[in-house]
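The values are calculated or read from the model by the stated rules, or taken from the named source; none is laboratory data. Everything quoted here is computed from the prediction, not taken from an experiment. Glycine also receives a Cβ, built like all others from the backbone with ideal geometry; neighbour counts cover every protein chain displayed. Remember, those area values only see protein heavy atoms, side chains included, never the ligands or the DNA or RNA. Shrake-Rupley method; radii C 1.70, N 1.55, O 1.52, S 1.80 Å.
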Amino acid sequence: MIFETVLITALCILMLAILANLYRVVKGPSSADRVQALDSVGINLIASTAVFSVLLHTHAFFDLILLIGILSFIGTVAFARFIERGVVIERKR
């Protein structure tokens with residue numbers, strides 16, 4: 001009973017963190033701040049999914065956790081390439 005209450009409280013705190021990061025995504029002063037906030041949203045989504053998986057006593061969400069992590073990493077790498085070169089995908093003509 002107390003363990004489930006702690007998990008639900010953790011989910012609520014993680015959702016508040018996601019909302020705060022979404023505010024930073026919208027109002028960020030620079031694009032680097034926005035990308036950092038999106039990374040933080042991805043991390044918080046991974047943590048929320050993991051807590052939810054523990055709460056439901058299932059392993060079904062582990063693939064979703066992996067997918068969110070991969071997409072977050074790809075987005076960060078794409079933005080780093082954009083900052084460095086000005087384009088994400090170079091096309092040779």
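Output the residues belonging to the stretch 36-51 that are hydrophobic (A, V, I, L, M, F, W, C), more than 30 Å from Ile83 (Cα to Cα) and within 13 Å of the chain's Cα centre (by Cα). Matches in the stretch 36-51: Ala50 only.
Annotation note: Cβ proximity below 6 Å between a residue of the stretch 9-35 that is under 25 Å from Ile83 (Cα atoms) and a residue that is aromatic (Phe, Trp, Tyr) and open to solvent by less than 90 Å² (accessible area, probe 1.4 Å) (sequence gap 6+ or interchain) occurs for Val35/Phe79.
Look at the stretch 77-93: where a residue is under 15 Å from Ser31 (Cβ atoms) and a partner is small (Gly, Ala, Ser) and surrounded by 11 or more Cβ atoms within 10 Å (Cβ to Cβ), sitting 6+ places away or on another chain with Cβ atoms under 9 Å, you get Phe79/Ser31; Phe79/Ala32; Phe82/Ser31; Ile83/Ser31; Ile83/Ala32; Val88/Ala78.
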